[in-house]
Amino acid sequence: MDRRDPNQEQQEVKYTGANNSEFFDISTSASEIPVSGIESLEVGQARRDVDNSLSAEYSSITPEQKVMLYAIMLLSAQIAIARKYKLDSEITVSQEDADRLAL
Amino acid sequence: MKDIFSKALKILIGSDVSLASFQVTKKRPFKELTERELILLESQIGAKLFGPVAAGNRREFFNEDPKNWIWYEEWTDADRKTHSTTTRYEVHTDGILKVREGEPYHFIEGQELQNLSMAVQMYHERVMRDIYKRDPQTGKLIN
């Protein structure tokens with residue numbers, strides 16, 4: 001979920017002249033706008049991105065853990081597919097989804 | 001009877017409105033449940049996967065989307081004060097990131113990863129059969 005004000009970037013764009021290359025002067029980049037909210041998925045991801053030690057720490061993932069991780073990914077995706085077709089019973093299951101639903 | 005309602009509506013609303021616009025259609029083609037309702041049903045199953053919940057307590061465990069699993073626990077202490085905690089397990093290609101308010105986030109490993117893996121398998125098995133009426137192995141509809 002993007003918590004930034006959708007008008008924020010628009011407000012920051014200033015007209016500076018007729019020259020196309022300098023037509024807009026973006027005084028503050030969108031990335032500088034503070035984002036708050038501990039439960040935000042993006043925040044969690046962003047924090048992880050800036051903390052390199054986390055990725056390095058998890059490079060020691062064992063083959064057994066990898067199997068569990070892939071199983072969780074697969075089953076999560078299957079639930080989402082089943083939910084999609086339950087929500088709209090008019091659509092028919094595509095071949096790709098049928099393949100993904102089968103273990 | 002219809003005239004009486006029409007007159008009553010006219011008095012209340014101040015204009016002559018037809019009753020037809022207030023009739024609710026019973027038919028809801030193709031859209032039986034919303035996604036939120038499906039998730040609530042799934043959560044009822046998810047909450048029972050870990051044994052009984054003590055009286056007065058509440059538990060939710062559900063798959064929000066392919067990349068997020070939510071665990072919610074609510075309980076009341078001896079002073080009748082209600083506490084709750086929400087844990088989000090984010091599914092990444094390189095691990096399961098555990099995000100909980102007020103705690104450092106980290107990739108889960110060991111017993112916790114095993115427990116989550118087991119819970120997800122049980123959840124999948126149950127919701128596929130009980131809610132989506134599909135064979136968990138083949139994904140095909142169960143007649």
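Bear in mind these aren't lab numbers, they're just calculated from the coordinates by the rules spelled out. This one's a predicted model, so the numbers in the text were calculated from it and none came from an experiment. Note that we place each Cβ from the backbone using ideal geometry, even for glycine, and neighbour counts take in every protein chain shown.
Kindly flag which residue pairs out of B:Lys67/B:Lys140; B:Lys48/B:Lys98; A:Lys66/B:Lys81 have an alpha-carbon separation exceeding 32 Å in this structure.
Pairs exceeding the cut-off: A:Lys66/B:Lys81.
Which order results if B:Asp79, A:Asp88 are arranged by neighbouring Cβ count within 10 Å, fewest first?
B:Asp79, A:Asp88
Other chains' Cβ within 10 Å of A:93-103 residues: what's the mean?
3
Counting only other chains, and only Cβ atoms inside 10 Å, what mean value do you get across the residues of B:128-137?
Partner-chain Cβ atoms within 10 Å, mean over residues of B:128-137: 4.
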